[in-house]
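Once you've had a glance at the structure underneath, I'll fire off some questions.
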Amino acid sequence: MSQPTFAALAFANKKKKTRREKFLEEMEQVVPWAKLIRVIERHYPRAGKGRPPLGLEKMLRIYFLQQWFNLSDPAMEDALYDIESLRRFAGIELGQDEVPDETTILNFRHLLERHGLTKKLFAKINTHLERRGLLMRQGTIVDATIMAAPSSTKNASGRRDPEMSSTKKGNEWHFGMKLHVGADSESGLAHSAAVTTASVHDSQMMEDLIHGGEEVVYGDRAYADEEKRQLYEEFEISWRVQRKGHRHRPLSERDRKWNRRQSSVRAKVEHIFHVIKRLWGHHKVRYRGLAKNEAHYFSLLALANVYLVRRDLLLRRA
């Protein structure tokens, strides 16, 4: 164990805890660190010839800090030098421990992307939550949200990202990708997800978001499909997708009341989008191409699930 510096001791003895410190203390307790480390460790380089790698848990903590505070690789390196609370969370004592540079941080992210590890972290966290009775899987809410990408061609390639596309929502056009989510109808936690270019219609991804054990399925009008409704009900799955009016057959008052009743449940999926896009600021894609962004958003969904039930997890630890 490294000896704390005078600056670290002064920080520990200050009277007020900031919101950032309180948040990190909660995450310290509720993230299942040991389980997540086991997912990654078989792919993580071991000490041998050359420069020894930094500790796996330290790099995982830094990676999670990037997601929570929406930091690029260079900004994460700078933050570790600037902000004591982030260093304490990562287990770094300035002046004694090595602070990873932006290339080391980038290489760790590439390791996760190369081996598809963020999907495995997402699955491991969901298993952890399910065993604690926080993810029930009796019903699924399906929904999608648009993640904007830069539409400018003022870049090195002179063109927009070819894996992104345009779509119209309401009266506005958007350029980027879509994050499709299947969420638990009880808790609102994401149990499945998919990433596509923005032009893919929400309904095309519905089957990828269903785990097969549902008793009920919820969705907005984009998922309305009479053939699917009949098929699901044949398998005794209750179809609670919003009813859609047509030009020559508008919705009746009874249909509108039915839609409002389903909306009270369907709205739960918006909580996870709120955490990712509003609280943590990831309303735009960070990388070019779908593969890197897919890895990024699976890690965000995993952490958002933990965040949404953090108080329940803390109570179970007490």
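Can you spot a residue in region 289-310 that is farther than 22 Å from HIS180 by Cβ and at pLDDT 95 or above? Walk me through how you get there before you give the answer.
To start, the set of residues in region 289-310 that are farther than 22 Å from HIS180 by Cβ comprises 310.
Add one more test, that the residue is at pLDDT 95 or above, and what stays is 310.
The answer is yes; a qualifying residue exists.
What's the total number of residues in region 76-101 that are assigned to a helix (DSSP H, G or I) and farther than 23 Å from ARG42 by Cα?
Pass one, region 76-101, residues assigned to a helix (DSSP H, G or I): 76-82, 84-90.
So of that shortlist, the ones also farther than 23 Å from ARG42 by Cα come out as 76-82, 84-89.
Residues in region 76-101 being assigned to a helix (DSSP H, G or I) and farther than 23 Å from ARG42 by Cα: 13 in total.
Please state which of the following conditions ASP161 fails to meet, knowing it meets all the rest: (1) in contact with a strand residue (DSSP E or B) (Cβ under 8 Å, 6 or more places away or on another chain); (2) under 23 Å from ARG286 (Cβ atoms); (3) touching a residue at least 24 places away in the same chain (Cβ under 8 Å); (4) not polar (S, T, N, Q).
So ASP161 meets the others, but not (1).
Those residues that are in a helix (DSSP H, G or I) and without any contact (Cβ under 8 Å) to a residue 24 or more places away in the chain, I need them from region 280-318; list them, please. Even if it seems obvious, please write down each step before you answer.
In the first step, residues of region 280-318 are kept if they are in a helix (DSSP H, G or I); the result is 290-308, 310-317.
ARG311, LEU315, listed by residue number.
Next question. Kindly establish whether ILE237 is of a type in the set (A, V, I, L, M, F, W, C) and closer than 23 Å to MET177 by Cβ.
Working: of a type in the set (A, V, I, L, M, F, W, C): yes; closer than 23 Å to MET177 by Cβ: no.
No.
Taking the criterion of being assigned to a loop (DSSP other than H, G, I, E, B), at pLDDT below 95, out of contact with any His (no Cβ under 9 Å at 6 or more places or on another chain) and crowded, with 16+ Cβ neighbours inside 10 Å, would at least one residue in region 201-213 satisfy it?
Initially, region 201-213 is screened for residues assigned to a loop (DSSP other than H, G, I, E, B), giving 201, 210-213.
Adding the requirement that they be at pLDDT below 95 leaves 210-213.
Going one step further and asking which of them are out of contact with any His (no Cβ under 9 Å at 6 or more places or on another chain), we end up with 210, 212-213.
Narrowing the set further to residues that are crowded, with 16+ Cβ neighbours inside 10 Å leaves 210.
Within region 201-213 (the criterion being assigned to a loop (DSSP other than H, G, I, E, B), at pLDDT below 95, out of contact with any His (no Cβ under 9 Å at 6 or more places or on another chain) and crowded, with 16+ Cβ neighbours inside 10 Å), the answer is yes, since at least one residue qualifies.
For region 172-194, indicate whether the set of residues that are within 19 Å of LYS284 (Cβ to Cβ), modelled with pLDDT under 95 and among the charged types (D, E, K, R) is non-empty.
Yes, that holds for at least one residue.
Return the residues of region 230-242 that are surrounded by fewer than 16 Cβ atoms within 10 Å (Cβ to Cβ) and not polar (S, T, N, Q); say none if nothing qualifies.
Kept after step one, since they are surrounded by fewer than 16 Cβ atoms within 10 Å (Cβ to Cβ), are these residues of region 230-242: 230-231, 233-236, 238.
Result: LEU231, GLU233, GLU234, PHE235, GLU236.
Going by the conditions given, is THR145 open to solvent by less than 10 Å² (accessible area, probe 1.4 Å), outside any helix (DSSP H, G or I) and of a type in the set (S, T, N, Q)?
Numbers: open to solvent by less than 10 Å² (accessible area, probe 1.4 Å): no; outside any helix (DSSP H, G or I): yes; of a type in the set (S, T, N, Q): yes.
Considered against the rule, which asks whether it is open to solvent by less than 10 Å² (accessible area, probe 1.4 Å), outside any helix (DSSP H, G or I) and of a type in the set (S, T, N, Q), THR145 comes out as no.
Look at THR197 and say whether it is farther than 23 Å from SER238 by Cβ, polar (S, T, N, Q) and open to solvent by 20 Å² or more (accessible area, probe 1.4 Å). Working first, answer last.
Working: farther than 23 Å from SER238 by Cβ: yes; polar (S, T, N, Q): yes; open to solvent by 20 Å² or more (accessible area, probe 1.4 Å): yes.
Yes, satisfied.
Additional query: Is it the case that region 173-185 has a residue that's loosely packed, with under 12 Cβ neighbours inside 10 Å and over 30 Å from LEU313 (Cβ atoms)?
Within region 173-185, one or more residues are loosely packed, with under 12 Cβ neighbours inside 10 Å and over 30 Å from LEU313 (Cβ atoms).
Every residue in region 105-136 that is open to solvent by 60 Å² or more (accessible area, probe 1.4 Å), in a loop (DSSP other than H, G, I, E, B) and in contact (Cβ under 8 Å) with a residue 60 or more places away in the chain, please.
Here is the first cut: in region 105-136, the residues open to solvent by 60 Å² or more (accessible area, probe 1.4 Å) are 107, 114-115, 119-120, 124, 130-132, 136.
Pick out the ones that are also in a loop (DSSP other than H, G, I, E, B) and you get 115, 132, 136.
Within region 105-136, HIS115, ARG132 qualify.
Would you confirm, using the coordinates I've provided, whether ARG247 is of a type in the set (Lys, Arg), at pLDDT below 95 and surrounded by 12 or more Cβ atoms within 10 Å (Cβ to Cβ)? Break it down stepwise before answering.
Details: of a type in the set (Lys, Arg): yes; at pLDDT below 95: yes; surrounded by 12 or more Cβ atoms within 10 Å (Cβ to Cβ): no.
No.
With respect to ALA222, is the statement that it is buried (at least 19 other Cβ atoms within 10 Å of the Cβ) and part of a helix (DSSP H, G or I) true? Before you say what the answer is, go through the steps one by one.
On the way: buried (at least 19 other Cβ atoms within 10 Å of the Cβ): no; part of a helix (DSSP H, G or I): yes.
The answer is no for ALA222.
Please state which of the following conditions THR167 fails to meet, knowing it meets all the rest: (1) outside any loop (DSSP other than H, G, I, E, B); (2) among the polar types (S, T, N, Q); (3) under 20 Å from the mean Cα position of the chain (by Cα).
(3)
Pull up region 262-279, narrow it to residues that are in a helix (DSSP H, G or I) and basic (Lys, Arg), then point me to the one that is surrounded by the fewest Cβ atoms within 10 Å (Cβ to Cβ).
The initial filter retains those residues of region 262-279 that are in a helix (DSSP H, G or I), namely 262-266, 269-279.
From what is left, the residues that are basic (Lys, Arg) are 266, 277-278.
Values: ARG266: 22, LYS277: 18, ARG278: 10.
Across region 262-279, the extreme among qualifying residues is ARG278.
The values are calculated or read from the model by the stated rules, or taken from the named source; none is laboratory data. Everything quoted here is computed from the prediction, not taken from an experiment. All Cβ positions, glycine included, derive from the backbone under ideal geometry; neighbour counts span all protein chains shown. Note: accessible area is taken over every heavy atom of the protein model, side chains too, but ligands, DNA and RNA are not part of it. Shrake-Rupley method; radii C 1.70, N 1.55, O 1.52, S 1.80 Å.
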